[in-house]
Amino acid sequence: MSKKMWYSLMAVLAITTLALSACGPAPTEAPSATEPAATEAPMTEAPAATEAPATEAPAATEAPATGGQVEVFSWWTGGGEAAGLEAMMGVFGEQYPDVEFVNAAVAGGAGTNARAVLATRLQSGDPPDSWQGHAGQELIGTYVAGGQIEPLNDLYEQEGWLDVMPETLIPLISQEGNIYSVPVNIHRANVLWYNPAILEEVGAEVPATWDELFEVCNTLIAADRTCIALGEQWTQMHLLETILLGTLGAEAYNGLWDGTTDWGSAEVTTALETFNRAFDYVNSDYASLTWQDASQLVVNGDAAFNVMGDWAEGYFRELGMTPNTDYSWSPTPGSDGVFQFLSDSFVLAVGAPDPEAATAWLKVAGSKEGQEAFNPVKGSICARTDCDRSLFGEYLQSAMDDWSSNTVVGSLTHGVVANDSWKTEIDTALGLFVADKNIENFQAALVAACASSGPC
């Protein structure tokens, strides 16, 4: 069977898996209560020395001089994401010209489809050499808990990465003294993208609260304009997490993930009511649009606002759009001074077909050269603290400043604060809510999800 036919079969199996997941959480054991992302601004100093690994790191830590093949699995298939991966692949090809790079990217659902295919492959004992995973509970509560990835302590020591990786990130990729992935970037989730010309047209200011945004929406609706561009279900979860943050504040938002904030509280009810109200102002075809489609409505002048992570900026630039003319940005309403983040990282699979080639890839992914090639194109900032600021555009330079000074919290949609099992339960509840708009049932389902999969 050819690889193409194999991946087609895996994609079919993945879709079947996703359909079945609507009946309940994925079969991943929920972890014990975990800490949320740090609420202090990240440090720029080198983190303290990491404890010695409880188990030995994989033996193969040297890249092959010649030959080999590395299969790298991700969901970067379009826009700035694919372009960024291609840029980093270019660095890899220059440094390891005799190692074949197999791009096993799977499109769809902000990684949902890819993770379903990956789960099928891992269950069948056919792992790729390396794959993309979000730092945080997606990594620790899923792949580390499942014994599916190798510790990388030796590689960190050899490459000196503890001296250049943010202190904020290390606990999110570590368990019991072992470090399990190589972060390649930092993304901001809580970004409100807007079309400045539309706001000028109706004489509106950039809204600082959700109530202010809805007031602008009422003006736009009266002028027969679409207010908020929205897409498929994962973008709806992304909108939900930013409304939870903007309504609750950073401390109470973090409390949702460590059990100190009650999912059944009146404050959460208010956030869910705000989320429900937002649907009064979105495009009618949201369920059929990708995030790129929804984002493009803003730069095309067909909608005023879109809540999306800053990978959208990479997409806008790929379309040839001009910042502060075709698009501009602000923190999502109620979240000024807070940086809701996620980080893409790469791992070394247990049982990797070619661990030496995989290690070569990880070295490039963690290198200054690799991250400087990748991030300006992707629409993210480096995970490393020593990248050349001048390589980045106006928006990304502002993200660098905010990352170093804002209160930092983690993203739900993108794997930081909840493992796959808990996130699946929330996603199932969200799908039912979008269909029936029953806030009481939605909140009860969120309470139950925390009780069964989280610290509640």
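The values are calculated or read from the model by the stated rules, or taken from the named source; none is laboratory data. For clarity, every value in this text was computed on a predicted model and none was experimentally measured. Please note: Cβ atoms are built from the backbone with ideal geometry, for glycine as well, and neighbour counts cover all protein chains shown.
Among the residues of the stretch 424-448, those identified as under 30 Å from PRO171 (Cβ atoms) and touching a residue at least 40 places away in the same chain (Cβ under 8 Å) are THR424, GLU425, ILE426, ASP427, THR428, LEU430, LEU446, VAL447.
The single residue among VAL182, VAL164, VAL144, VAL106 that is touching a strand residue (DSSP E or B) at 6+ places or on another chain (Cβ under 7 Å), under 30 Å from ALA399 (Cβ atoms) and in contact (Cβ under 8 Å) with a residue 40 or more places away in the chain turns out to be VAL182. Taking the stretch 405-426 as the range and being assigned to a helix (DSSP H, G or I) and either crowded, with 16+ Cβ neighbours inside 10 Å or touching a strand residue (DSSP E or B) at 6+ places or on another chain (Cβ under 7 Å) (or both) as the test, the residues that pass are ASP420, SER421, TRP422, LYS423, THR424, GLU425, ILE426. Only one entry in ALA189, ALA197 is under 25 Å from PRO331 (Cα atoms), of a type in the set (A, V, I, L, M, F, W, C) and either in contact with a Lys or Arg (Cβ under 6 Å, 6 or more places away or on another chain) or surrounded by fewer than 23 Cβ atoms within 10 Å (Cβ to Cβ) (or both), namely ALA197. Of the strands (runs of 3 or more DSSP E) that lie entirely inside the stretch 103-215, those containing 1 or more residues that are farther than 21 Å from GLY78 by Cα span 191-194. Can ALA429 be described as within 30 Å of GLN69 (Cα to Cα), among the hydrophobic types (A, V, I, L, M, F, W, C) and either surrounded by 19 or more Cβ atoms within 10 Å (Cβ to Cβ) or touching a helix residue (DSSP H, G or I) at 6+ places or on another chain (Cβ under 7 Å) (or both)? For ALA429, the condition - within 30 Å of GLN69 (Cα to Cα), among the hydrophobic types (A, V, I, L, M, F, W, C) and either surrounded by 19 or more Cβ atoms within 10 Å (Cβ to Cβ) or touching a helix residue (DSSP H, G or I) at 6+ places or on another chain (Cβ under 7 Å) (or both) - is not met. Does PHE374 count as over 30 Å from LEU162 (Cα atoms) and of a type in the set (A, V, I, L, M, F, W, C)? Answer is no for this residue. Name the one entry in GLN132, GLN137 that is closer than 13 Å to VAL347 by Cβ and crowded, with 21+ Cβ neighbours inside 10 Å. After ruling out the rest, the residue left standing is GLN132. So is PHE339 touching an Asp or Glu at 6+ places or on another chain (Cβ under 7 Å) and at pLDDT 95 or above or not? Here the answer is yes, as PHE339 does meet what is asked. Inside the stretch 281-313, residues that are buried (at least 24 other Cβ atoms within 10 Å of the Cβ) and either among the small types (Gly, Ala, Ser) or without any contact (Cβ under 8 Å) to a residue 40 or more places away in the chain (or both) make up a count of 6.
Residue-wise test of (1) under 22 Å from GLY133 (Cβ atoms); (2) of a type outside the set (Phe, Trp, Tyr); (3) more than 18 Å from the chain's Cα centre (by Cα).
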position: TRP422; (1), (2), (3): yes, no, no
position: PHE433; (1), (2), (3): no, no, yes
position: ASN441; (1), (2), (3): no, yes, yes
position: SER452; (1), (2), (3): no, yes, yes
